[in-house]
1. In this structure, is Arg623 part of a loop (DSSP other than H, G, I, E, B) and among the basic types (Lys, Arg)?
2. Name the pairs: first residue in segment 666-677 and farther than 23 Å from Arg91 by Cβ, second residue at pLDDT below 70 and open to solvent by less than 70 Å² (accessible area, probe 1.4 Å), Cβ to Cβ under 6 Å, at least 6 apart or on different chains?
3. Determine whether segment 807-824 contains at least one residue that is among the charged types (D, E, K, R), in a helix (DSSP H, G or I) and either touching a Gly at 6+ places or on another chain (Cβ under 7 Å) or surrounded by fewer than 20 Cβ atoms within 10 Å (Cβ to Cβ) (or both).
4. Take Ala614 and decide whether it is at negative phi, without any contact (Cβ under 8 Å) to a residue 24 or more places away in the chain and buried (at least 17 other Cβ atoms within 10 Å of the Cβ).
5. Would you mention how many residues in segment 626-654 are part of a helix (DSSP H, G or I) and either of a type outside the set (Ser, Thr, Tyr) or open to solvent by 30 Å² or more (accessible area, probe 1.4 Å) (or both)?
6. Just to be sure, is Arg552 in a helix (DSSP H, G or I), within 22 Å of Pro220 (Cα to Cα) and touching an Asp or Glu at 6+ places or on another chain (Cβ under 6 Å)?
7. List every residue pair whose Cβ atoms sit under 6 Å apart, with the two residues 6 or more apart in sequence or on different chains, where the first one lies in segment 377-391 and is within 20 Å of Val338 (Cβ to Cβ) and the second, anywhere, is open to solvent by 50 Å² or more (accessible area, probe 1.4 Å) and acidic (Asp, Glu).
8. Looking at segment 354-364, can you tell me whether even one residue there is farther than 30 Å from Ala202 by Cα and free of Cβ contacts under 8 Å to residues at least 12 places away in the same chain?
Amino acid sequence: MSRHAVVRGPAAAVAWLVVVGAVTDVPAAARQVPASGQASPASPQRDLLDRYCLTCHNGRLAAQGTVPVSFEALNTRDVGRDPQVWEQVVRKLRLGMMPPAGRPRPDQATHDGFVAWLEAELDRGAAANPNPGRPAIRRLTTAEYINAIRSLLDLEVDERWLLFPADDVDQEGFATNADVLSVSPALFDRYLSAANRVSRLAVGDPTIGPGFAAATYDTPRLLYQDDRMSEELPFGSRGGMAIRHYFPLDGDYEVKVRLRRMIYDYIVGMGTSQQIEVRLDGRLVERFTVGDADRVGYPSAYSFFGTIRGDPAWEEYVSVEADTHLVVRMPAQAGMRVIGVSFVDAHTEPTGILERRLSGFSLSGLGFYHGNAAVGRVEVTGPYDAMGPGDTPSRRRLFTCRPSAPAAEGPCAREILSRLARRAYRRPVTDDDLQTLLGFYETGRAERDFEAGIQKAIERVLVAPEFLFRIERESPDLAPGTAYRLTDLELASRLSFFLWSSIPDEALLSAAEAGRLHEPAELERQVRRMLADARARALVDDFASQWLQLRRVRGVMPDTDVFYEFDENLRADMERETLLFLESQLREDRGLLDLLRADYTFVNERLARHYGIAGIYGERFRRVTFDDDDNRGGLLGHASLLTLTAYPTRTSPVLRGKWLLDNILGMPPSPPPADVPALEENHGAAQPRSVRERMERHRANPACAVCHRVMDPPGFALEHFDAIGRWRATDETGAPVDAAGTLADGTMVDGPATLRQALLAHEHSFVRTVIEKLLTYAVGRSIEYYDQPAIRKITAAAVSDDYRWSSIVLGIVESVPFQMRRSES
């Protein structure tokens with residue numbers, strides 16, 4: 001009988017609730033009753049299990065499949081025999097989920113004493129027989145590849161050049177898991193193509209033509225361009241975009257601007273005269289005038305729609321000709337530059353009765369030709385009349401020597417390639433490594449010149465398995481299943497990809513080569529140095545975004561007929577807020593609990609208006625404090641997370657509850673049965689029912705109720721936030737929001753503030769969950785039961801430091817799963 005089979009009877013339903021979220025891969029011996037039918041020898045712990053747990057976790061119910069494990073078969077005298085089961089018991093006891101609310105429970109002191117004893121027994125067994133796990137050999141993720149190129153060659157790579165398929169993610173949302181990072185023939189072809197492109201850009205290949213670096217930059221159709229769009233655009237500008245574009249050579253480049261068109265191909269905003277500017281690194285290159293279409297002919301009546309068309313000349317202008325002249329050719333030096341395209345802001349204030357902000361089809365099909373024009377697309381081509389490779393950061397990084405005579409070329413090539421390969425391969429270079437690269441150098445040198453030879457050798461480096469894969473070698477003399485320590489070089493690689501999502505820098509690699517990195521003092525010094533480096537931002541961009549599934553907000557599509565305030569600007573602001581918040585937590589080395597209890601966030605005018613915060617003006621984000629609002633603080637009040645855990649037309653207590661159980665408390669519920677009925681919707685209902693009323697009908701099915709009793713209450717506690725994260729007092733039916741509920745441990749909650757306090761009451765479980773997620777990201781594999789002793793050790797060591805990020809990170813780096821590996825069985 002599966003965990004999703006129909007539950008029969010109230011006793012069975014209660015029993016099932018006990019094990020919601022427990023793993024099913026428990027040892028077979030633990031699922032069965034011993035043949036003798038005798039429990040383990042008597043002990044205080046055995047007596048506690050018999051008194052409070054066997055009502056549900058007994059052999060009869062386990063044999064029926066009602067519960068996944070019988071505690072009758074567990075031996076409290078030998079906890080190490082079934083650590084997988086005991087670790088699940090610890091987890092549920094820590095969260096107050098066992099025994100279930102309403103069932104007899106021991107007093108708190110007895111409960112805490114049993115948990116402490118059980119954890120100590122599990123930790124003792126793990127110390128005697130450590131199991132660090134065995135991450136598989138894996139390739140670099142796309143983010144790691146881009147960061148490695150930047151570190152190796154001082155070259156910023158546009159992800160669109162690479163054409164890599166999206167990295168797969170595991171069930172927890174992490175792309176660093178070796179089990180999901182496959183390498184297909186198509187991906188390897190992309191690696192070959194990317195290596196050629198990157199190497200030519202790095203050296204400044206003089207044969208690069210106008211089409212090589214051509215790029216098109218689009219803006220979303222539903223993006224409002226009524227304000228300054230970037231810090232890299234001038235004050236007093238409106239709309240447009242700031243583009244970071246890599247110019248491969250010194251020469252002339254062409255920039256072509258296309259204005260936004262509505263869905264029927266009319267250019268918007270052409271009823272009034274407007275100025276548009278093109279800038280390079282902030283310097284004005286050209287200013288154009290567009291609009292004022294009335295001067296070319298008689299317009300249509302008020303809008304593009306209707307039966308009265310404008311003069312043919314007017315129609316031609318607003319559909320074709322208005323932006324044909326927006327082309328400029330300009331000289332640019334090689335390297336990464338910022339192209340700014342924006343309008344000169346005209347300060348006007350609308351009068352009369354204002355219409356609501358348009359969104360969705362209403363915006364994309366905007367038929368009124370008066371208003372603001374917008375940039376739709378910018379195309380960059382070149383170089384034309386190239387004048388040489390220029391003085392780029394990548395050339396300065398690469399060419400540490402420059403041969404003055406043919407006889408000096410060979411030694412110079414050896415110097416350049418030895419240094420490059422050492423960084424790329426993350427280890428000292430062997431003669432065989434160097435001879436391989438010199439062979440490619442000679443081929444390129446024979447085709448053209450010294451720099452062409454270096455380019456060919458770089459291309460070879462970038463497709464080498466030692467660069468593309470993270471390989472940890474083990475001695476062939478090790479017995480199968482032996483736990484052994486990583487070498488200093490392997491530890492350096494793990495550390496740099498963990499904190500920076502990139503290859504080790506010179507300081508870290510040198511410490512590893514000198515054999516000092518395994519020394520605790522040196523390791524701590526390197527960790528603190530790396531956390532203080534700007535590259536530690538990768539912990540926000542990569543780890544935190546994957547842990548919280550933040551990137552999913554880029555793909556959510558709230559129904560704009562229901563939430564007409566939602567547009568691309570708000571979407572970007574939501575994500576920006578959460579990233580700035582997480583970065584501040586890391587940079588200020590705050591405690592992990594501040595993720596939930598922080599009384600501040602970051603907003604601009606648009607997001608502040610969304611939150612109902614007064615006195616914030618302009619597009620710049622700034623830090624604000626919630627002085628009188630204890631509902632919005634911490635991650636629970638972020639619109640990004642509230643939006644990605646909702647449906648397009650309504651909130652979802654189930655999605656929000658599941659997200660909290662999984663990412664905050666570390667107790668993901670079981671997947672729903674394949675035949676679970678969908679929640680009844682209100683479409684066409686004469687008397688619409690609230691989400692709570694419909695969920696109660698849904699839970700009438702016992703098979704649904706056992707999971708929803710755990711998931712729904714924390715989700716309902718967030719019901720005061722609508723599907724795009726706004727605070728509300730009434731739901732979509734007009735009824736007052738009912739956010740009350742009882743959590744699995746019996747705690748009553750009635751909104752975000754009380755939910756936050758309930759979560760903080762289980763601070764150990766929250767901290768342990770974050771550590772689990774961070775360790776998963778760091779070691780590139782899923783966390784198993786045998787990792788829990790290490791996680792407890794990290795948690796205990798960080799308590800005295802208020803669970804600060806630096807303490808957590810250092811604890812992970814010093815842990816058995818991070819520093820050790822198990823040989824192949």
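1. Numbers: part of a loop (DSSP other than H, G, I, E, B): no; among the basic types (Lys, Arg): yes.
So Arg623 does not fit the description; no.
2. Here the result reads Pro673/His4, each pair linking segment 666-677 to a residue that is at pLDDT below 70 and open to solvent by less than 70 Å² (accessible area, probe 1.4 Å).
3. First, pick out the residues of segment 807-824 that are among the charged types (D, E, K, R): 814, 821-822, 824.
Now drop any that are not in a helix (DSSP H, G or I), which leaves none.
No, that holds for no residue.
4. Numbers: at negative phi: yes; without any contact (Cβ under 8 Å) to a residue 24 or more places away in the chain: yes; buried (at least 17 other Cβ atoms within 10 Å of the Cβ): no.
Here the answer is no, as Ala614 does not meet what is asked.
5. Our first condition is that a residue be part of a helix (DSSP H, G or I); within segment 626-654, this holds for 635-637, 639-644, 653-654.
Now drop any that are not either of a type outside the set (Ser, Thr, Tyr) or open to solvent by 30 Å² or more (accessible area, probe 1.4 Å) (or both), which leaves 635-637, 639, 641-642, 644, 653-654.
Final tally of qualifying residues: 9.
6. On the way: in a helix (DSSP H, G or I): yes; within 22 Å of Pro220 (Cα to Cα): yes; touching an Asp or Glu at 6+ places or on another chain (Cβ under 6 Å): no.
No, not satisfied.
7. These pairs meet every condition: Arg377/Asp218; Thr381/Glu254; Gly382/Glu254.
8. To start, the set of residues in segment 354-364 that are farther than 30 Å from Ala202 by Cα comprises 354-364.
Among the residues that remain, those that are also free of Cβ contacts under 8 Å to residues at least 12 places away in the same chain are: 354-355.
The answer is yes; a qualifying residue exists.
The values are calculated or read from the model by the stated rules, or taken from the named source; none is laboratory data. None of the values given here were measured: they were computed from a predicted structure. All Cβ positions, glycine included, derive from the backbone under ideal geometry; neighbour counts span all protein chains shown. Each accessible area value is taken on the protein alone, full model and side chains, heavy atoms only, with ligands, DNA and RNA left out. Shrake-Rupley method; radii C 1.70, N 1.55, O 1.52, S 1.80 Å.
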